[in-house]
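Engineer: Below is a structure I'd like to ask you about.
Values in this text are rule-based calculations from the coordinates and carry no lab data. Just so you know, these numbers come straight off a predicted model, no measurement behind them. For neighbour counting, all protein chains shown are included, and Cβ atoms are generated from backbone atoms with ideal geometry for every residue, glycine included.
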Amino acid sequence: MRVAFLLDLGLYYLGVASQPFKWGSKAFHKPVFSSPPSLPFFLFMRAYNRRFATMARARRRRGAWGRRNAGRRFLIGGFTFAVGSMLPLTKAMLGWGWLELAEGWRSWFLGGARAKAAIKPMAQPSPAQS
């Protein structure tokens, strides 16, 4: 989640929020991801979010989700329109690469429909157990 959060926030700043900053109020007259400078950011965000969702489904199927969530927090310094904001974004892209090698290989060859069908529904407690 940390990597996805950093990528989403950083690419939003670079691809979406930077347009009104550069072009002024006339940038507000176009839909968010429809301007030509924003389109590559949209496509990249869509691609890695699909991969993260597929990896999460594979982890859930294996019962390996949420193993290290307890007691962890993540604080960021924030993003600006300066070049220095590229460093956390670059680290997040490297983190995604590492995650693909560590976890993603388990889901590389699952088709989209096969990956969704392979998820076992979580057991719901019966009313007598509640």
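Engineer: If a/c stays under 1.5 just call it rounded; otherwise compare a/b with b/c (prolate if a/b is bigger, oblate if not). Do that for the stretch 1-81, with a ≥ b ≥ c from the square roots of the Cα gyration tensor eigenvalues.
Structural biologist: Oblate shape, in that a/c is at least 1.5 and b/c is the bigger or equal ratio.
Engineer: A further question on this structure: Based on the Cβ-Cβ distance of Trp23 and Arg50, what FRET efficiency does E = 1/(1 + (r/R0)^6) give at R0 = 41 Å, to the nearest 0.05?
Structural biologist: Given R0 = 41 Å and the Cβ-Cβ separation, E is 0.85.
Engineer: Please work out the FRET efficiency for the pair Ala102 and Phe42, using the Cβ-Cβ distance as r and a Förster radius of 22 Å; give the result to the nearest 0.05.
Structural biologist: For R0 = 22 Å, the calculated efficiency reads 0.25.
Engineer: From the backbone phi of the stretch 7-23, what are the Karplus-calculated ³J(HN,Hα) couplings (6.51 cos²θ - 1.76 cosθ + 1.60, θ = phi - 60°) in whole Hz, Gly and Pro given as x?
Structural biologist: With coefficients 6.51, -1.76 and 1.60, one gets 5, 4, 5, x, 6, 5, 4, 5, x, 10, 5, 6, 5, x, 5, 7, 9 Hz.
Engineer: Roughly how many nanometres apart are two label points built 7 Å out from the Cα toward the Cβ at Arg73 and Ser34?
Structural biologist: My value for the distance between the label points is 4.2 nm.
Engineer: So what J values fall out for the stretch 36-48 if you push phi through Karplus, 6.51 cos²θ - 1.76 cosθ + 1.60 with θ = phi - 60°, rounded to Hz, Gly and Pro as x?
Structural biologist: With coefficients 6.51, -1.76 and 1.60, one gets x, x, 8, 4, x, 5, 4, 5, 5, 4, 5, 5, 6 Hz.
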